[in-house]
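In what follows, a structure is listed as structure tokens, so that the remarks can point back to it.
The values are calculated or read from the model by the stated rules, or taken from the named source; none is laboratory data. These numbers were taken from a predicted model, which means no experiment stands behind them. Methodologically, a virtual Cβ is constructed for each residue, glycine included, from the backbone with ideal geometry; neighbour enumeration extends over all protein chains shown. Just the protein is used for accessible areas: all its heavy atoms, side chains included, with ligands, DNA and RNA removed. Shrake-Rupley method; radii C 1.70, N 1.55, O 1.52, S 1.80 Å.
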Amino acid sequence: MQEKYNFAEIEKKWQKIWAQRNAFRVTEDPDKEKYYVLEMFPYPSGKLHMGHVRNYSIGDVIARFKTMNGYNVLHPMGWDGFGLPAENAAIKHNVAPAEWTWSNIHDMQDQLKELGLSYDWEREVATCHPEYYRWMQWIFIQFFNKGLAYKKDSQVNWCPSCQTVLANEQVVEGCCERCGTPVGKKDLSQWYFKITDYADRLLDNMDKLPGWPEKVKTMQRNWIGKSHGALATFDVEGTEDKLTVFTTRIDTIYGTTFMVLAPEYPDVLRWVEGTEYEKPVKEYIDRCAHMSEIERTATTNEKTGVFIGKNAVNPFTHKPMPIYISDYVLMGYGTGAVMGVPAHDQRDFDFAKKFGLEIVPVIDPQDPDVDVNNLTEACAAEGVVINSGEFNGMNNRDAIQKIAEVAKERGIGEPTITYRLRDWLISRQRYWGTPIPMIWCEECGWVPEKEENLPVMLPTDVEFTGKGESPIVTSKTFVDTVCPVCGRPAKREVDTMDTFLDSSWYELRYCDARNTEKVFDKEKVDYWMNVDQYIGGVEHAIMHLMYARFFQMALHDLGLVKDEEPFQNLLTQGMVLKGYTDSDGNYVSAKMSKSLGNVVSPAEIIEKYGADTARLFILFAAPPERELDWSDEGVEGSFRFLNRVYRLVREFIDSFDHPAEEWTIAGEADRKLNYALNYTIKKVTDDVSDRFNFNTAISSVMELVNEMYRYKTGGINEGLYAHAVRTLVVLLTPFVPHVAEEMWEGLGGEGYAYEQAWPAYDPDALVKDTVEIMVQINGKNKAKIDIPGDATREDMLAIAAEHETIRGLTDGKTVVKTIAVPGRLINIVVKG
RNA sequence: GCCGGAGUGGCGGAACUGGCAGACGCACGGGACUUAAAAUCCCGCGCUCCUUACCGAGCGUACCGGUUCGAUCCCGGUCUCCGGCACCA
């Protein structure tokens, strides 16, 4: 062990030894309880940032802690290798996406290794490697064969800048998630996954995930957006056609005074054909079609629309009512048609006001503040049904049930459920992704490539112009092929898969990463899955986490995996922030970003203080799920602490010749040290295993170190002190593994620090002879008394009663009540 | 607007089941060591008041109220901030 804490040499030394020993390789072991800890794998941008360091430090503490507690721990790492930046680099710098990506992967591997993370590198996966995407394609084909993948012509979100289709999830406030350009529309034939088939399971299974943050579950529930309601069918006057609406408020159907359809509603053009309404309706539809998502949502309250010249007949009142089209009705939700109930829906109210339509109240909330016959805004409150024929006088909640039933009896409607969730659009007009292994044959239609021909390799003879469709169409070798069914000439699909597919099953591939025969061995997956602890940023709360759950369920239904849920427990770590001075001169905290100039790079911290300090600070500064304020002074503090520990150990080694860990408690100082030691073991164990409160675990180790510094100024009990020093090093191992190894070696410990058993505490050491008790009078602290640890309530009160201060405060007064909580406090309630 | 989460010293945060509010760290102040500085070690550090000092008193966990012997914690209401969704019928 070196004289000084030379972190650079120490860290290099131990990283090399761990690598040589293959220290973190694991295999299935039926005799050991398994533990699978997984951190979200990174996109190989080339540079590690502090968010990564936080994510992987948290995972590493858990992995090492569980290993030391006897678990067979799977802790893998890999690369989410496909994605747009590689393609942009190809366009900008004329470098092949593969070359750019692999070079980044190698750079980031080095950076990860500098952090001393306990990965089993033999299981590393990269989604852009043919041995990975081969099985991605295989899974796609299984989904296709099961009817989960289908192709559909549809209007899709189109980013004019990225020249690509975006999923709804990738459109943020009407703009492209990546480049911020307002999103437009485009008609394309696209592959979809039927995730909507799993809507109910995705929803219901969340009740079986108590180890997930409520926040994430709520976000997913909202995204799925299950809504109970009813369908109601209206006749369209002067035609044989019918119009079906979805409503959650069938109780208000008598209040319907108009109908509104989405501009894209398919029958509209037919209805207006050859009439005076054809021109204005077509113009309106055209205007909507050319509006970007952002323009459509910008005019949030101002309603627009056009009458289409037809009336619908209310199936209950038999009254005719005008049909409009308006962009506030969305084709993608419900039936694309709504019944306009202005009295009880604000949007309908706004629309009715704008077009001078009738407002008929049908629910009376029986609130003196609300005059239903003279509404100034829609009244959504519950109440009694009025103006509704046979249903008058009912409570509106009951009417929701009853009217749906009656509608069903009369064949004019039925109760139903709708979801906000749409099917998953997976086609991307991009190069750097997994080729969709499908072939178009004029005779046979869409057929999958033969499994023995997988992978369908990404062609390398492509041009990157940044324009138009997928660059793959420029390949001279890729497109033309033969039909796997009939052998006639056929063409390959040129679109690639959304990269979210790649990351929807990587946790399974880690279980059997090198398998060249199968996607993975079921027995191996059954042994390791599901993931006991998944860790990553909350930005993946909806998309990644829901897609991965969908995959797991679909693979379960294919008989490939045992569990229906991939991630048993989820920890969403907070962002790393740093203070900066804004344009108004205020010092504020914000997410690290280049534009704000408040970025701290992991490399510079490792260079200056070492990986152990970086890990320690990041774990100590805040609980993992909360935001973390970066503080340069705080890093200094963590570095100081490691030096303080190092000096303590160094001094011990220099002063004693490897004393045996045998001792008898010789006095008060020994007893105190032994108490502190065992208390710390218990505290760190509880904090790390139950709550992942690494910050308080570390603070308790700091307290132990403070106690040891106090202890060594008195007479040192060699055996006890040796035990304390060694235990201290073991306790620190999961947090600061390099310096812990160095100290462990210096102490002459057997084997390596990382393979030590986690210490157990001695409950007897935690029993105190006397405890300090607070004595309160009327809830106010008045005195502290020492009482025997095993004192009963009566003993406690007797001792307190004799205390001078207490006597002085209670004499001459009536004791109304006394409360005594053993080990904590006494409260004496007095009067007079 | 709807749905989540949070609000504690100068700062990051602690208080685990309703029981001594402010652990630990940072910053700051003082002392020791040193020719000096750095480093290190030790001490102090919520606010207000009383006091030469010791000792002590009052207030204090966003705000108002409630339950309780006792509330940072439970209940009702208000405010602010953060995150997500948002014309979803």
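The stretch A:1-96 holds helices (runs of 4 or more DSSP H) entirely within its bounds, and those carrying 1 or more residues that are farther than 30 Å from A:GLY748 by Cβ map to A:50-68, A:84-93. Quickly run through the stretch A:778-793 and pick out the residues that are of a type outside the set (Gly, Ala, Ser) and either open to solvent by 40 Å² or more (accessible area, probe 1.4 Å) or within 6 Å of RNA strand B (Cβ to nearest atom) (or both). Hits for the stretch A:778-793 are A:ASN778, A:LYS780, A:ASN781, A:LYS782, A:LYS784, A:ASP786, A:PRO788, A:ASP790, A:THR792, A:ARG793.
Cβ-Cβ distances below 6 Å connect the following pairs, each with a first residue in the stretch A:207-230 that is free of Cβ contacts under 8 Å to residues at least 24 places away in the same chain and under 17 Å from A:PHE567 (Cβ atoms), a second residue that is more than 6 Å from RNA strand B (Cβ to nearest atom) and open to solvent by less than 100 Å² (accessible area, probe 1.4 Å), and a separation of six or more residues or different chains: A:LYS217/A:MET206. Here the condition is being exposed (fewer than 14 other Cβ atoms within 10 Å of the Cβ) and among the β-branched types (Val, Ile, Thr); of A:ILE417, A:ILE386, it holds for A:ILE417 alone. Considering the stretch A:307-330, the residues that are out of contact with any strand residue (DSSP E or B) (no Cβ under 6 Å at 6 or more places or on another chain) and near RNA strand B (Cβ under 7 Å from one of its atoms) include one that is least open to solvent (accessible area, probe 1.4 Å), namely A:ASP327.
Among what's in the stretch A:477-512 and is within 24 Å of the chain's Cα centre (by Cα) and outside any helix (DSSP H, G or I), pick the residue that is farthest from A:LEU38 (Cα to Cα). Of everything passing the filter in the stretch A:477-512, A:MET497 is farthest from A:LEU38 (Cα to Cα). Consider the stretch A:443-469 and keep the residues that are in contact with a helix residue (DSSP H, G or I) (Cβ under 7 Å, 6 or more places away or on another chain), at pLDDT 95 or above and among the hydrophobic types (A, V, I, L, M, F, W, C). The one that is most open to solvent (accessible area, probe 1.4 Å) is A:MET457.
Close contacts from the stretch A:390-408, counting a first residue that is over 13 Å from A:ILE253 (Cα atoms) and a second that is open to solvent by 90 Å² or more (accessible area, probe 1.4 Å), with Cβ to Cβ under 8 Å and a gap of 6+ residues or different chains, come to A:ASN395/A:GLU382; A:ARG397/A:GLU382. Of all residues in the stretch A:735-746, those satisfying the criterion of being crowded, with 20+ Cβ neighbours inside 10 Å, touching a Lys or Arg at 6+ places or on another chain (Cβ under 9 Å) and touching a residue at least 24 places away in the same chain (Cβ under 8 Å) are A:PHE735, A:VAL736, A:PRO737, A:HIS738, A:GLU741, A:GLU742, A:MET743. For the stretch A:804-822, enumerate the residues that are open to solvent by 50 Å² or more (accessible area, probe 1.4 Å) and either touching a strand residue (DSSP E or B) at 6+ places or on another chain (Cβ under 7 Å) or of a type in the set (Ser, Thr, Tyr) (or both). Residues satisfying the conditions are A:THR805, A:LEU809, A:LYS813, A:THR814, A:VAL815, A:VAL816, A:LYS817, A:THR818, A:ILE819. Restricted to the stretch A:490-530, and to residues there that are of a type in the set (A, V, I, L, M, F, W, C) and in contact with a Cys (Cβ under 7 Å, 6 or more places away or on another chain), the residue that is farthest from A:ASP120 (Cα to Cα) is A:ALA490. Every condition in (1) farther than 30 Å from A:ARG626 by Cβ; (2) open to solvent by 10 Å² or more (accessible area, probe 1.4 Å) holds for A:MET543 except the one numbered (1). Residues in the stretch A:700-740 that are under 22 Å from A:GLY116 (Cα atoms), among the polar types (S, T, N, Q) and either near RNA strand B (Cβ under 8 Å from one of its atoms) or outside any helix (DSSP H, G or I) (or both): A:THR733 only. Listed conditions (1) part of a loop (DSSP other than H, G, I, E, B); (2) exposed (fewer than 15 other Cβ atoms within 10 Å of the Cβ) are all met by A:GLU565, apart from (2).
Selection of first residues in the stretch A:680-705 that are over 19 Å from A:ALA614 (Cβ atoms) and of second residues that are within 8 Å of RNA strand B (Cβ to nearest atom) and of a type in the set (Lys, Arg), restricted to Cβ pairs under 6 Å at least 6 apart or on distinct chains, gives the following pairs, ordered by first then second residue: A:SER700/A:LYS683. Against the definition (of a type outside the set (A, V, I, L, M), farther than 23 Å from A:HIS129 by Cα, in contact with a helix residue (DSSP H, G or I) (Cβ under 8 Å, 6 or more places away or on another chain) and within 16 Å of RNA strand B (Cβ to nearest atom)), how does A:GLY537 come out, yes or no? Yes; evaluated as a whole, the condition is true for this residue.
Is it the case, given these coordinates, that A:ALA760 is among the hydrophobic types (A, V, I, L, M, F, W, C), more than 12 Å from RNA strand B (Cβ to nearest atom), within 24 Å of A:LYS672 (Cα to Cα) and open to solvent by 40 Å² or more (accessible area, probe 1.4 Å)? Yes: the conditions hold for A:ALA760. When the stretch A:572-609 is filtered for residues that are assigned to a strand (DSSP E or B) and at pLDDT below 85, the ones remaining, listed by number, are A:GLY579, A:TYR580, A:THR581, A:TYR587, A:VAL588, A:SER589, A:ALA590, A:LYS591.
Quick one: how many residues across the stretch A:18-34 are out of contact with any strand residue (DSSP E or B) (no Cβ under 6 Å at 6 or more places or on another chain) and open to solvent by less than 80 Å² (accessible area, probe 1.4 Å)?
Total meeting the criteria: 6.
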